[in-house]
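Below: one structure, written as structure tokens.
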Amino acid sequence: MLSFDKAMEVVMKRWTGLVIGAMVVVFLAFDSAVKLLRLQVAVEGTTRLGYPEHLVVIIGVVELLCLLAYVIPRTAPVGALLLTGYLGGATATQVRVEDPWLLFPVAVGVLTWGALWLRDPRVGALFFATSTNPENGVTPRPFGSAPHPS
């Protein structure tokens, strides 16, 4: 049986992950919508970075598809991986044109994975080799070492 404190920790982590994830989703949905609607700011920004104008909508569609995969709980890890690739391309583009905002897509990617880690214990189990069962009280350990109780 879970103690009250442990249950509260699980609930708070989940809600924190949902709030951070919602902020990431709102930002990326807005960014995608601006591209899909071919608003002048998106066209100017894309061409300034060296991409042809006709790719604005395609980039918006790719971003939206990655975001949809992230929003669906069952495919959220795959969506986070796809968004990592998308944001990696954005970072590479920023580096290529020597834009001082190059860390912004990195920060969005970190928030994407952080939100997923907080709301889905399977992500912690995947990256930190922790148990997905909160009753076990297993602490993070390096890969290959034996687990030890908290």
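Structure notes:
- Hits in segment 80-113 (condition: touching a Cys at 6+ places or on another chain (Cβ under 6 Å) and free of Cβ contacts under 8 Å to residues at least 40 places away in the same chain): L82, Y86
- Matching residues, segment 49-68, being touching a residue at least 12 places away in the same chain (Cβ under 8 Å), under 17 Å from L36 (Cβ atoms) and of a type in the set (A, V, I, L, M, F, W, C): V56, V57, I59, V61, V62, L64, L65, C66, L67
- Scoring G88 on the criteria (1) within 15 Å of L111 (Cβ to Cβ); (2) touching a Ser or Thr at 6+ places or on another chain (Cβ under 9 Å) leaves a single failure, condition (2).
- Residue in segment 3-25 that is in contact (Cβ under 8 Å) with a residue 24 or more places away in the chain and in contact with an Asp or Glu (Cβ under 7 Å, 6 or more places away or on another chain) present: no
- Note on segment 69-80: among residues that are under 12 Å from the mean Cα position of the chain (by Cα) and not β-branched (V, I, T), the one that is farthest from L116 (Cα to Cα) is A69.
- Any chance V43 is of a type in the set (A, V, I, L, M), under 23 Å from D99 (Cβ atoms) and under 15 Å from the mean Cα position of the chain (by Cα): no
- Taken residue by residue, segment 43-60 has at least one member that is touching a Lys or Arg at 6+ places or on another chain (Cβ under 9 Å), modelled with pLDDT of 95 or more and under 24 Å from L18 (Cα atoms).
The values are calculated or read from the model by the stated rules, or taken from the named source; none is laboratory data. The model shown is predicted, which means the values in this text are computed figures rather than measured ones. With ideal geometry, Cβ positions are generated from the backbone for all residues, glycine too; neighbour counts draw on all protein chains shown.
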